[in-house]
1. Has segment 62-75 got at least one residue that is among the hydroxyl-bearing types (Ser, Thr, Tyr) and not in a helix (DSSP H, G or I)?
2. Any idea which of THR23, THR41 is surrounded by 13 or more Cβ atoms within 10 Å (Cβ to Cβ), outside any helix (DSSP H, G or I), among the hydroxyl-bearing types (Ser, Thr, Tyr) and modelled with pLDDT under 95?
3. So, LYS79, is that one at pLDDT below 85, touching a Phe, Trp or Tyr at 6+ places or on another chain (Cβ under 9 Å) and not small (Gly, Ala, Ser) or not?
4. Select from segment 3-15 the residues that are surrounded by 11 or more Cβ atoms within 10 Å (Cβ to Cβ) and touching a Phe, Trp or Tyr at 6+ places or on another chain (Cβ under 7 Å) and write down the one among them that is modelled with the lowest pLDDT.
5. Could you give every pair whose Cβ atoms fall below 8 Å, whose first residue belongs to segment 12-33 and is in contact (Cβ under 8 Å) with a residue 40 or more places away in the chain, and whose second residue is among the aromatic types (Phe, Trp, Tyr), counting only separations of at least 6 or pairs across chains?
6. Can you tell me which of SER104, SER124 is outside the structural domain of TYR52 (by TED's automatic domain parsing), at pLDDT below 50 and of a type outside the set (A, V, I, L, M)?
7. (1) under 29 Å from GLU97 (Cα atoms); (2) surrounded by 11 or more Cβ atoms within 10 Å (Cβ to Cβ); (3) without any contact (Cβ under 8 Å) to a residue 24 or more places away in the chain: which one isn't true of PRO84, the others all being true?
8. For segment 44-55, enumerate the residues that are in a loop (DSSP other than H, G, I, E, B), out of contact with any Phe, Trp or Tyr (no Cβ under 8 Å at 6 or more places or on another chain) and either closer than 16 Å to GLY19 by Cβ or not charged (D, E, K, R) (or both).
Amino acid sequence: MSNDKGRFESVYSKRVRAGKRRTYFFDVRKTRGDDFYLTLTESTRRFDGDGYERHKIFLYKEDFNRFLASLEEAINHVKTDLMPDYDYDEFTRRQEEYEAKLASGEITRGGDKEGEDKTEGKKSEGGDDEEIEEEDMTW
């Protein structure tokens, strides 16, 4: 067998950033038998800054409906029964504001104000050698 054992073709991918350290990936993959399944991956930057931890769930088509129904039920339980007064749209608004500031040039990746010399994927100037990664977001 080839070195690609266990690797299947990705036909769709969606990334959801969730703060400065966590990102979720939703990947639809195609098997050799022309079937499809979903991988859900949580990627979290380690506290020591040395790489990422990844956790995966493989979801197969026969489980899609039950999984989705149970996920929605659990989320709705939290929203309506446990925390009905919480503003669940707060983070959506903050993300939209962040993206608008990025688009306008008001900030660069990493959430820094214009003029602080930090840019996406590059070392900052001014004595701070922290590398700015695309996943860094200001919440």
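The values are calculated or read from the model by the stated rules, or taken from the named source; none is laboratory data. Note that the structure is a prediction, hence the values are computed from the model and not measured. Reconstructed Cβ throughout: ideal geometry from the backbone, glycine too, with neighbour counts over all protein chains shown.
1. There is no residue in segment 62-75 that is among the hydroxyl-bearing types (Ser, Thr, Tyr) and not in a helix (DSSP H, G or I).
2. Unique residue meeting the criteria: THR23.
3. Considered against the rule, which asks whether it is at pLDDT below 85, touching a Phe, Trp or Tyr at 6+ places or on another chain (Cβ under 9 Å) and not small (Gly, Ala, Ser), LYS79 comes out as no.
4. Result: ARG15.
5. GLY19/TRP139; LYS20/TRP139
6. Selected residue: SER124, the only one of SER104, SER124 that is outside the structural domain of TYR52 (by TED's automatic domain parsing), at pLDDT below 50 and of a type outside the set (A, V, I, L, M).
7. The single condition PRO84 does not satisfy is (2).
8. Selection gives PHE47, GLY49, GLY51.
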